[in-house]
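See structure below.
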Amino acid sequence: MDAKELIARRIAMELREGSLVNLGIGLPTLVSHYLPPGLDVSFQTENGLIGVEPLPEEGAEDEYLSDAGGRFIGAVPGAASFDSCFSFGLIRGGHLDVTVLGGLQVDERGQLANWTIPGRMIPGMGGAMDLVTGARRVIVAMTHAAKGEPKIVRRCSLPLTSVRRVDLLVTDMAVIAPTERGLELRERAPGIGVEQILAATEARLIVPDDVAEMKLSA
Amino acid sequence: MDAKELIARRIAMELREGSLVNLGIGLPTLVSHYLPPGLDVSFQTENGLIGVEPLPEEGAEDEYLSDAGGRFIGAVPGAASFDSCFSFGLIRGGHLDVTVLGGLQVDERGQLANWTIPGRMIPGMGGAMDLVTGARRVIVAMTHAAKGEPKIVRRCSLPLTSVRRVDLLVTDMAVIAPTERGLELRERAPGIGVEQILAATEARLIVPDDVAEMKLSA
Amino acid sequence: MHKMIALEDAVALIPDGASLLIGGFMGIGSPHRLLGELARQGRRNLSVIANDTARPGFGIGKLIDARAIANLTASHIGTNPTTQQQIIAGDLTVELCPQGTLAERIRAAGSGLGGVLTPTGLGTTVAQGKRTIEIDGRTWLLDLPIAADFALIAAHRADYRCNLDYAMTARNFNPIMAMAGRTVIAEAAEIVPVGVIPPDEVITPGTLVDHLLRRDAANGR
Amino acid sequence: MHKMIALEDAVALIPDGASLLIGGFMGIGSPHRLLGELARQGRRNLSVIANDTARPGFGIGKLIDARAIANLTASHIGTNPTTQQQIIAGDLTVELCPQGTLAERIRAAGSGLGGVLTPTGLGTTVAQGKRTIEIDGRTWLLDLPIAADFALIAAHRADYRCNLDYAMTARNFNPIMAMAGRTVIAEAAEIVPVGVIPPDEVITPGTLVDHLLRRDAANGR
């Protein structure tokens, strides 16, 4: 299992029956592939739809139906479309149960930076700031380190996406829960030891006596 | 012609091709009966419709379609329905060309009081405050005096509906335009003299040399 | 997700003293079954936010008749003399709010916004005790969001996933309130299979609805 | 009311230096005919407010390619490298705004509200230079309304009275912008008789639309 699949499978375990979920572009999108069987979850795309599903097959593209990355998608029976104000009203108003986003850095305060690298990348924040500020639960999906550089740091050096503390961080090495007390190491990836995690992490982690191995969806 | 019909006919002359108009309950509703032939005007009701028309005949009531007074109405072909936020977005956002409302008092500043008589009548303002504040043009339709008491006064004694200066005042005796300089007498009703108007008016009126007789719609 | 609920059970969720956003305009588009059952179960001391109280015996007027409401926020009460009597008698307190402001305050709560900056009511009695905010030389009234424990809404059609649509002027406050109630209870004139309401015609997505009233033998409104 | 206009004439209404609200999200639901003609007529120095600039050769990317834009307000430009190059070269200034805030700012302008009180962006670089408002102990960022000289919008269907509907995610910013442009120019994939779009399915009432593009021989998008 590669790192992305591992992260996606672990995050899929976090989704609850009946919840409304927004998956960011890229790795987070994979989460929908690993839902526990029978789990009824609705996916929102912030450009205006509840009921996202992957395009069922090539040739079925609707030029009026895309995800937030501009890629053609499908829609489930019972989908609902709406304008951008309504869509972000759902997000900001506490109606979105979970958002899963990628990350560039997460720090000891649990704050996330994921939208810009000044001087190098100015894509704009799109919906990320609203999602991280407004979703009931924010789950960050990212590799634990990037080319040997730790991404879980004492203090974000990159501009923050929100001052809101995220709720869970799932990497290819660990599951970490930002709390009032700091970053709590909750689980380790299969075959990964606590020492390896600590070595790849700049931030101080709160390490319990027993760190369970990640539970993964089928 | 009774006073109400006179007022309604005169106001009908004020409506312009293509405009969106909101008529208050009561006397203002009559205005729609006297539109110049061929004039294309759309009527809004603030409870959520553009395209109001009178109920075409008894028995055609739709339990889901009423005016702002709760009375059953009809809808023209090409009508549009919407929620209360959108409806007042139209009003407050400058998309409503004209509102016609009744009045209890109008004063020399051109300010209108039409929603409450403290200690006697507490119906609530409904949409009146938004309409008077937001419509591009506010036309007040009222009798010139009530039981001998002047309604066009130096200063409203009743609580204001808005601090906004209304644009036109049409009574059974006169057409008066509130301006920066004060209340300008523009027209007199058929058979009514300037002296009669002045006698029935508490406010000071600016009276030009020649006060034309009201132009009325067919 | 099974969200269907019997009328009696839905109303049993609502305790005395609860705050309720109630859809409808003069009873058009009001949740008539819920209102009737609230009165029947004798709920007391409710805080109600709604455009109006319709008229005696109809719509929210039924809650007024049952003396179920202690506090009311509305834009208009002139059509219900019983409401006025209860206010004069001191049994009911009322906050009158301009209709457009009322709609935006509910929307602000449901959309996670901190308030409404409106020109409506500035310089009038409505502005008393409220903050004003000056922006680039223009003054705005700051009105605060209104959420509630429950939103009771009436739809035209609901599908099995609780997607809702509305008919004509019966839409009014319903979809706005469906965003601002901590628990949202909906009733619908028709319940239809998924797909009957196409995505572009859904006004309230089903994820916003917590409970949908079951059809029952006595489904009258 | 006759509102139909030829493409060339519609675009001729828009002068150099005009401010434009332009609907669409990554080109989905953008007014492609208007954008192509703006580029063809060589319009310059435009201020554009839009979610993004799509990609080179597509959607608002055509205006970028034509170097028609001097100022841009958007939430995302990462998909168009030409946009980024023009910013780095100093030919284009950009204000980045969170997407939900952008939508609300446009809505505020179109709805006559004085601003948006949002939690989004608080404590981040987006908050720099902006006012914050404290309400009952909680802090909100004050973002200002955005109106423009023109709104260029793309509908799915328009009827003869210019009532508009939209399809799926092509709705996005279009109906919000239709409220906030001083002149609103719409194009539609289909033009249908009055009544084909029922009242409950109209998203943008025709009274908001000033001009609707005529069908023409080369009606490609």
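Here, each number is a calculation from the coordinates, and none is a lab measurement. Quick caveat, the model's predicted, so the values are computed rather than measured. As a convention, Cβ positions derive from the backbone with ideal geometry for all residues, glycine included, and neighbour counts pool all protein chains shown.
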Checklist line | Charge dipole (debye, nearest 20) of the protein assembly as shown; +1 at Cβ of Lys and Arg, -1 at Cβ of Asp and Glu | finding: 1740 debye
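How large is Rg over Rh for region D:1-47, taking Rg from the Cα atoms and Rh as the Kirkwood inverse mean of 1/r across Cα pairs? Walk me through the intermediate numbers first.
Numbers: Rg = 11.3 Å, Rh = 11.5 Å.
Answer for region D:1-47: 0.98.
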Check: At residue D:195, label 7 Å along Cα→Cβ: distances to the other copies, nm, ascending?
Finding: 3.0
Note to self: In whole Hz and in residue order, list the ³J(HN,Hα) couplings for region A:153-163 that follow from phi through the Karplus curve 6.51 cos²θ - 1.76 cosθ + 1.60, θ = phi - 60°; x for Gly and Pro.
What the structure shows: 10, 5, 8, 4, 8, 8, x, 5, 8, 6, 7
Item checked: For region D:94-221, the fraction of alpha-carbon pairs in successive 10 Å shells from zero, as % -> 12, 36, 27, 16, 7, 1, 0
Item checked: Protection proxy ranking of C:17-27, B:206-216 - average other beta-carbon atoms within 10 Å, highest first -> C:17-27, B:206-216
Notebook entry, point to check: What are the nm distances, shortest first, from residue A:25 to its equivalents in the other copies, labels at 7 Å along Cα→Cβ?
Noted result: 5.2
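Tally Lys/Arg at +1 and Asp/Glu at -1 over every other residue whose Cβ is under 12 Å from the Cβ of residue A:25; what's the total? All intermediate terms of the calculation are to be shown ahead of the outcome.
On the way: positive: A:71; negative: A:46, A:67.
Result for the local shell: -1.
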Notebook entry, point to check: Could you give me the ³J(HN,Hα) list for region D:178-183, computed from phi with Karplus coefficients 6.51, -1.76, 1.60 and θ = phi - 60°, whole Hz, x at Gly and Pro?
Noted result: 5, 8, 10, x, 5, 10
Checklist line | Percentage, to the nearest whole number, of Cα pairs in chain D over 33 Å apart | finding: 16 percent
Check: Over region A:3-213, with a single point scatterer placed on each C-alpha, what log10 of the ratio I(q)/I(0) does the Debye formula yield at q = 0.12, 0.13, 0.18, 0.19 1/Å?
Finding: -0.62, -0.72, -1.30, -1.41
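Taking the Cβ of residue A:145 as the center, what net charge do the other residues with Cβ under 10 Å away carry, scoring Lys and Arg +1 and Asp and Glu -1? Walk me through the numbers on the way to the answer.
Working: positive: A:147, A:151; negative: A:149, A:172, A:202.
With Lys, Arg at +1 and Asp, Glu at -1, the neighbours total -1.
Could you tally the net charge around residue D:17, taking each other residue with its Cβ under 12 Å from the Cβ of residue D:17, Lys/Arg +1 and Asp/Glu -1?
On the way: positive: D:43, D:44; negative: D:16, D:149.
My count for the surroundings of residue D:17 gives 0.
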Next item on the list: Tell me the label-point distance for the pair residue A:117, residue C:41, using the 7 Å Cα-to-Cβ offset, in nm and rounded to one decimal.
Entry: 5.7 nm
Note to self: Rounding to the nearest 10 and keeping the result within 0 to 90°, find how far the Cα-based axis of helix B:3-12 lies from the longest principal axis of chain B.
What the structure shows: 70 degrees
Margin query: Please list, in order along region D:135-144, the HN-Hα scalar couplings obtained from phi with the Karplus expression 6.51 cos²θ - 1.76 cosθ + 1.60 (θ = phi - 60°), rounded to whole Hz, x for Gly and Pro.
Written below: 10, 6, x, 10, 9, 10, 8, 9, 10, 9
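Take every DSSP beta bridge whose two residues both sit in chain A, then give the antiparallel share in percent to the nearest 5. Show your work: numbers first, answer last.
Numbers: 21 of 41 bridges.
In chain A, DSSP labels about 50 percent of beta bridges as antiparallel.
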Notebook entry, point to check: Any idea which of C:99, C:173, A:38 is furthest toward the positive side of the dipole for the protein assembly as shown, if Lys and Arg beta-carbons carry +1 and Asp and Glu beta-carbons -1?
Noted result: C:99
Check: If you put a point 7 Å past Cα along the Cβ direction, how far is that point for residue D:6 from the same point in each other copy, in nm, smallest first?
Finding: 7.0
Checklist line | Selection from B:176, B:119, B:191 lying farthest towards where the dipole of region B:94-218 points positive, charges on Cβ | finding: B:119
Margin query: Name the residue from D:150, D:110, D:69 whose Cα lies farthest towards the positive end of the charge dipole of chain D, charges +1 on Cβ of Lys and Arg and -1 on Cβ of Asp and Glu.
Written below: D:69
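Given Cβ point charges of +1 (Lys, Arg) and -1 (Asp, Glu) and nothing else, what value in debye, to the nearest 20, does the dipole of region B:87-218 about its Cα centre take? The partial results should precede the final answer.
Working: 16 positive and 15 negative charges, 93 e Å.
For this selection, approximately 440 debye.
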Notebook entry, point to check: Separation between the residue B:136 and residue D:16 pseudo-spin-labels, each 7 Å from Cα along Cα→Cβ, expressed in nm?
Noted result: 3.0 nm
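How much length would be gained if the chain were fully extended between residue A:62 and residue A:157, taking 0.36 nm per residue of separation minus their Cα-Cα distance, in nm to one decimal?
Values: separation 95, 0.36 × 95 = 34.20 nm, distance 4.10 nm.
Between residue A:62 and residue A:157, full extension yields 30.1 nm more.
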Margin query: Between region A:1-75 and region B:5-77, how far is it from one alpha carbon centroid to the other, in angstrom?
Written below: 48 Å
Next item on the list: With chain B rotated onto chain A, spot the residue of B whose Cβ lies nearest the axis and note the distance in whole Å.
Entry: B:85, 5
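Taking the Cα centre of region D:1-103 as origin, work out the dipole magnitude from +1 charges on Lys and Arg Cβ and -1 charges on Asp and Glu Cβ, in debye rounded to 20. Show your work: numbers first, answer last.
Working: 8 positive and 8 negative charges, 30 e Å.
With only Lys, Arg, Asp and Glu charged at Cβ, the dipole is about 140 debye.
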Next item on the list: From other protein chains only, count the Cβ atoms within 10 Å of every residue's Cβ in C:188-200, then give the mean.
Entry: 4
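Report, as an integer, the average count of C-beta atoms from other chains found within 10 Å of each Cβ along D:157-164.
Numbers: counts 0, 0, 3, 2, 9, 1, 5, 1.
That works out to 3 on average.
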Checklist line | Relative packing of A:149-160, D:169-180, D:125-136, which averages over residues the other C-beta atoms within 10 Å, highest first | finding: D:169-180, A:149-160, D:125-136
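Would you mind getting the Kirkwood hydrodynamic radius of region B:1-52 from its Cα pairs, rounded to one decimal in Å? Mind showing how you got there, number by number?
On the way: mean 1/r = 0.0886 Å⁻¹.
In region B:1-52 this quantity evaluates to 11.3 Å.
Determine the percent antiparallel among the DSSP beta bridges restricted to the protein assembly as shown, to the nearest 5. Please list the in-between numbers first.
On the way: 66 of 164 bridges.
The antiparallel proportion sits near 40 percent.
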Check: What would the Debye formula give as log10 I(q)/I(0) at q = 0.05, 0.08, 0.10 Å⁻¹ for the alpha-carbon point model of the protein assembly as shown, no solvent?
Finding: -0.29, -0.74, -1.13
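With a cut-off of at most 10 other beta carbons within 10 Å, and DSSP calling the residue loop, which trypsin sites (Lys or Arg not before Pro) in region B:67-112 qualify? Please list them.
Within region B:67-112, no trypsin sites (Lys or Arg not before Pro) qualify (loop, at most 10 other Cβ atoms within 10 Å).
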